[in-house]
Amino acid sequence: ERLHDELKVPIIYVSHSPDEVVRLADYLVAMEDGRVLVQGALSETLMRIDLPIRVGEDACAILHATVSELDRQWQLAKVCFPGGSLWLRENGLQVGRQVRIRVYARDVSLARQRPEQTSIQNVLPGKVDAIGEDEHPGLAIVRVGVGKSKLVAQLTRRAVAELRLEPGQEIWVQVKTVAQME
């Protein structure tokens, strides 16, 4: 990890550990039975709706962000990324530090109107980019553009139908503060 961060040398690393992949990889080649399923930049590859790649059992998005503010009273850190900012649990980081954020699809919800008086602290405007299948037939993965970045939400197919979600639709994205900084 230190070699990756400090020396910036190319490293080929084979891993079955989702946590290691998210923490270390910039480019991902996912294989199954000796053949390449998908390859590309980590953040783009994880956003594929046609062939969803799971980090462990969960779909997620990776954001590259900068710590912009610390709220010591509530032990939160504000991170800015191309498209917005998020408040997350503070993990002893310094303002100005570059971080990689893992946002699980299960921690993202969507609303047609801006939510008010909600426990979810991060509310961002977005636009539905694509809707795809999830592993369970009752679930869907919705990819949402938030500025220049993309997030994914895991919703029931019922929620997709009730919200009448479709590509191009403007939507409000809610992200729990449990997203992880890598």
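The values are calculated or read from the model by the stated rules, or taken from the named source; none is laboratory data. This one's a predicted model, so the numbers in the text were calculated from it and none came from an experiment. Note that each Cβ is placed from the backbone with ideal geometry, even for glycine, and that neighbours are counted across all protein chains shown. These area figures cover heavy atoms from the full protein model, side chains too; ligands, DNA and RNA do not enter into them. Shrake-Rupley method; radii C 1.70, N 1.55, O 1.52, S 1.80 Å.
Here's a check for you: in the stretch 4-18, which residue that is assigned to a helix (DSSP H, G or I) and modelled with pLDDT of 75 or more is most open to solvent (accessible area, probe 1.4 Å)?
Step by step, filter the stretch 4-18, then rank; the result is Glu6.
Is it the case, given these coordinates, that Val21 is at pLDDT below 75, aliphatic (A, V, I, L, M) and open to solvent by less than 60 Å² (accessible area, probe 1.4 Å)?
Against the criterion (at pLDDT below 75, aliphatic (A, V, I, L, M) and open to solvent by less than 60 Å² (accessible area, probe 1.4 Å)), Val21 does not qualify.
Mind counting the residues in the stretch 35-57 that are at pLDDT 75 or above and either of a type in the set (S, T, N, Q) or closer than 14 Å to Pro18 by Cβ (or both)?
Total meeting the criteria: 4.
Restricted to the stretch 104-142, and to residues that are open to solvent by 50 Å² or more (accessible area, probe 1.4 Å) and within 22 Å of Val22 (Cα to Cα), which residue is nearest to the chain's Cα centre (by Cα)?
Arg106
What are the residues in the stretch 55-89 that are in contact with an Asp or Glu (Cβ under 8 Å, 6 or more places away or on another chain), part of a loop (DSSP other than H, G, I, E, B) and buried (at least 17 other Cβ atoms within 10 Å of the Cβ), if any?
Scanning the stretch 55-89 gives a single hit, Ala59.
Just one of (1) open to solvent by less than 80 Å² (accessible area, probe 1.4 Å); (2) under 17 Å from Val79 (Cα atoms) trips up Val95, so point out which.
Looking at each condition in turn, Val95 falls short on (1).
May I ask you to list the residues in the stretch 75-132 that are small (Gly, Ala, Ser) and within 27 Å of Thr156 (Cβ to Cβ)?
Gly83, Gly84, Ala105, Ser109, Ala111, Ser119, Gly126, Ala130, Gly132
Whether any residue in the stretch 149-162 is in a loop (DSSP other than H, G, I, E, B) and small (Gly, Ala, Ser) is what I want to check.
no
In contact (Cβ under 8 Å) with a residue 24 or more places away in the chain, outside any strand (DSSP E or B), of a type in the set (Ser, Thr, Tyr) and farther than 15 Å from Cys60 by Cα, is that true of Thr118?
Spelling it out, Thr118 is indeed in contact (Cβ under 8 Å) with a residue 24 or more places away in the chain, outside any strand (DSSP E or B), of a type in the set (Ser, Thr, Tyr) and farther than 15 Å from Cys60 by Cα.
Pull out all pairs, ordered by first then second residue, where Cβ-Cβ is under 7 Å, the residues are six or more apart or on different chains, the first lies in the stretch 88-115 and is at positive phi, and the second is part of a strand (DSSP E or B).
Close Cβ pairs satisfying both conditions: Gly96/Thr66; Gly96/Val67.
I need the full set of residues from the stretch 149-160 which are open to solvent by 10 Å² or more (accessible area, probe 1.4 Å), within 13 Å of the chain's Cα centre (by Cα) and farther than 17 Å from Glu44 by Cβ, in order please.
Residue satisfying the conditions is Gln154 alone.
How many residues does the stretch 24-34 contain that are under 27 Å from Val142 (Cα atoms) and either open to solvent by 80 Å² or more (accessible area, probe 1.4 Å) or in a loop (DSSP other than H, G, I, E, B) (or both)?
5
Does Val146 count as open to solvent by less than 30 Å² (accessible area, probe 1.4 Å) and touching a helix residue (DSSP H, G or I) at 6+ places or on another chain (Cβ under 9 Å)?
Against the criterion (open to solvent by less than 30 Å² (accessible area, probe 1.4 Å) and touching a helix residue (DSSP H, G or I) at 6+ places or on another chain (Cβ under 9 Å)), Val146 does not qualify.
For the stretch 163-182, what are the residues that are at pLDDT below 95 and either in a loop (DSSP other than H, G, I, E, B) or of a type outside the set (S, T, N, Q) (or both)?
Lys176, Thr177, Val178, Ala179, Met181, Glu182 - these are the residues of the stretch 163-182 that are at pLDDT below 95 and either in a loop (DSSP other than H, G, I, E, B) or of a type outside the set (S, T, N, Q) (or both).
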